Amino acid sequence: MRRQSMSAARRCELARTAKCKCRCGGLLHGKMRAEDPAFFTALPKDDPHHALPVWEKKKPKRESVLPLFEEAY
């Protein structure tokens, strides 16, 4: 299952658009279960509106830091 953004899940739950544009396929469109971002992260992983917190989505581009040159001149 592809990742769901928190904003897409909130838009769908609150029915801010006429049609569902997220991965639930309209099953949960406008259900208004909650508006709190913590609700979407606490949902089980098989729920279509389960979303990862923003800080877990972003991964660093590289894991090692470039070495610093002591003799720059």
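All of the numbers you see were taken from the coordinates with simple rules; none came from a lab. Since the model is a prediction, treat every value here as computed from it, not as a measurement. Using ideal geometry, Cβ is built from the backbone for each residue, glycine included, and neighbour counts are taken over all protein chains shown.
Report yes if Arg23 is surrounded by 14 or more Cβ atoms within 10 Å (Cβ to Cβ) and not in a loop (DSSP other than H, G, I, E, B), otherwise no.
no
Taking the range 29-55 as the search range and keeping residues that are in contact (Cβ under 8 Å) with a residue 12 or more places away in the chain and assigned to a helix (DSSP H, G or I), which one is surrounded by the fewest Cβ atoms within 10 Å (Cβ to Cβ)?
In this case the residue turns out to be Val54.
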